[in-house]
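Just so you know, all these numbers are worked out from the coordinates, no wet-lab data involved. All of these numbers come straight from a predicted model, not from anything done at the bench. Positions of Cβ are generated from backbone atoms using ideal geometry, with glycine treated the same way; all protein chains shown enter the neighbour counts.
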Amino acid sequence: MDLYNNEIVAYKLSSSLKMDFVKDTFNEAFSKQKGLDLSDLIVHSDQGGHYKSLQYKKIIKNNKAKLSMSRKGNCYDNACIENFFGHLKSELIYQNFFDNKNELFKAIDSYIYWYNNSKFQSVLKNRTPIEVRCTA
């Protein structure tokens, strides 16, 4: 999530949390930023095992970003993305039944597209994340 405009920049869906999953997500996010100076970029994560690994730290360093990590047991450090997940759950997950993983993944893809392109946010002066990015 880009905290400038609340846009979900990159995401991956998977049944397992392998390091390649994390690596692919970051590679996608960083590739969308090609040509930009990423030296001011801060990548924030929780203290999960993947995010403490040397491989993860190398991805961040190779892209000239800074690493930030939540304090142990403090969900407020990650409040922005936790808020997004709260909306995703209440607006999509809890209101629907999915017969299989593919239906769920398709619904999440559609939700994130809607969130970025159509959901007006009061904090963005009733604009969408994409509108804010395009007018910056």
For the chain, averaging the sequence separation of alpha carbon pairs under 8 Å that lie six or more residues apart and dividing by its residue count, the contact order in percent is 22 percent
Mind checking segment 61-125 for chymotrypsin sites (Phe, Trp or Tyr not before Pro) that DSSP puts in a loop (not H, G, I, E or B) and that have at most 15 other Cβ atoms within 10 Å?
-> TYR94, PHE97, PHE98, PHE120
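Pick out the long, greasy-scoring helices in the chain: whole DSSP H runs spanning 15 Å or more along their own axis by Cα, mean Kyte-Doolittle at least -1.0. Please list the in-between numbers first.
Numbers: long enough: 19-31 (18 Å, -0.24); 101-117 (24 Å, -0.79).
Membrane-span-like by this rule: 19-31, 101-117.
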Computed over segment 19-134, Cα set: Rg, Dmax in Å | 16.2, 44
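Do any chymotrypsin sites (Phe, Trp or Tyr not before Pro) in segment 1-30 lie in a DSSP loop with no more than 16 other beta carbon atoms within 10 Å, and if so, which?
Here the sparse-neighbourhood loop sites are TYR4, TYR11.
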For the chain, what is the calculated [θ] at 222 nm in deg cm²/dmol (nearest 500), taking -39500 (n - 2.57) for each run of four or more DSSP H residues and dividing by its residue count?
-> -13000 deg cm²/dmol
